[in-house]
1. Largest first and in whole Å, what are the equivalent-ellipsoid semi-axes of the range 20-66 based on the Cα gyration tensor, each being the root of 5 times an eigenvalue?
2. With a Förster radius of 30 Å, plug the Cβ-Cβ distance of R55 and D263 into 1/(1 + (r/R0)^6) and report the FRET value to the nearest 0.05.
3. With labels modelled as points extended 7 Å from the Cα through the Cβ direction, what inter-label distance (nm, one decimal) is found for N137 paired with E332?
4. Counting Lys and Arg as +1 and Asp and Glu as -1, what is the net charge of the other residues whose Cβ lies under 12 Å from the Cβ of A149?
5. Give the calculated FRET efficiency between Q357 and A323 to the nearest 0.05, with a Förster radius of 41 Å applied to their Cβ-Cβ distance.
6. So for the range 199-346, what percent of the C-alpha to C-alpha distances run longer than 18 Å?
7. Would you mind telling me which residue in A138, A353, A190 has the biggest mean-square fluctuation in a Gaussian network model of the chain, where springs connect alpha carbons within a distance under 10 angstrom?
8. Compute the signed sum of charges (Lys and Arg +1, Asp and Glu -1) over the other residues within less than 15 Å, Cβ to Cβ, of R55.
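The values are calculated or read from the model by the stated rules, or taken from the named source; none is laboratory data. Source: prediction; values computed, not measured. As a convention, Cβ positions derive from the backbone with ideal geometry for all residues, glycine included, and neighbour counts pool all protein chains shown. For accessibility, only protein heavy atoms count, side chains too; no ligands or nucleic acids. Shrake-Rupley method; radii C 1.70, N 1.55, O 1.52, S 1.80 Å.
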Amino acid sequence: MKKLMTDHRHKFGDFEVIEFVDEGEIKRLRDQINVDAPLDLHWTWEYGQEVEELRNLYEKGKVNQWNAESDLDWEAPVSKDEWVLAPDASMIAQMVKLMGGDEATQKAAAFDELNYTLSQLLHGEQAALELCGQLTNACTKMDEKLYAASQVTDEARHIEALAKFMQRKMGTIYPIGATLKVLLDELLQAPDAETKTLGMQCLFEGTAVGIFEMLRDSSDNALFVDMIRRVEQDEARHAAFGVLCMRRVVRDAEPEQMEKMEDFAFSIMEALNANQQLDMLHVLGPKYGLDPHNVVRIATALPNFADFNSLMFMHTVIPNLKALGLITERTEEGWRSAGMMTDRRKTLAELRAEAAQGMGPFGAN
Ligand SMILES: [Fe+2]
Ligand SMILES: [Fe+2]
């Protein structure tokens, strides 16, 4: 199977990571804001309802619109003095604690890590906005176009909400990580609607739902939880659109096309996972006296690495790909050995109980 970014890979024990260290290259990737995206536009003269399930989803989307400015309580406080993200949900806060850092430093670390993660989600939202705009052109059926158009509005709202949250409550928006930029460009430049739908709607939307749920479960901040809950509801609809579209694609696909899609899904997700937050650790690690390599070495060598690493993938992406027939015996071992797939998804509560007994990701402390 094709692996992406091969010249940025090296091994930590058995685990192969993707890492960008050349600041000039990272800057070049970020500065590349004009992207050639070849696109076939399709008219349709069928205005009646053709795909009932898509029309239903479109109707659901209309009913569930919300206003990021007026439906959220922007007066609610967010502060570095609170655990805006639970200590066990922040890799850096855990490491700071292991090294004997005080609680204030751990809280600040959790705050910064959340800020970084939200920034990456924000850049992902922009890619979703661009990509759905493309889908309104590239899809062939009116029900797909209508749905994609409604998703454009959703993504605009997500950008608004996340950007305002960071501007008003956190003070910073971190630049996009190099690995993420490469992968999002890959989707935006994909030549056909099927690959775009698979890439954005199934892979990235599915992963986002998993991440949003973890964040929501790990915060007590009222404004943050309310915002994430609303965004997550929209994203679940987007992931459903991906599955409904892809179900029709795989039904008609030749074995060769199935293999191609299966490989594409693996290569994108494997690369995202292979970064293991190194892009983040290079930015925030030094501030807290952490060596990015050490952190990733420790995490990937833990006996239960796959249990927590697979959380965001086992939530939506992997079940959906399995159901679509896009994870088969041919690729399953790859997903497993990368720590993205387990027999059963453990809940956050289960992982927390294990950690309390000294078995968790950082349970040794
Ligand atoms: Fe979104
Ligand atoms: Fe979305």
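1. 40, 19, 9
2. E between R55 and D263, to the nearest 0.05, is 0.40.
3. Label-label distance for N137 and E332, simple model: 4.0 nm.
4. -2
5. 0.75
6. Of all Cα-Cα distances in the range 199-346, 62 percent exceed 18 Å.
7. A353
8. Net charge around R55: -1.
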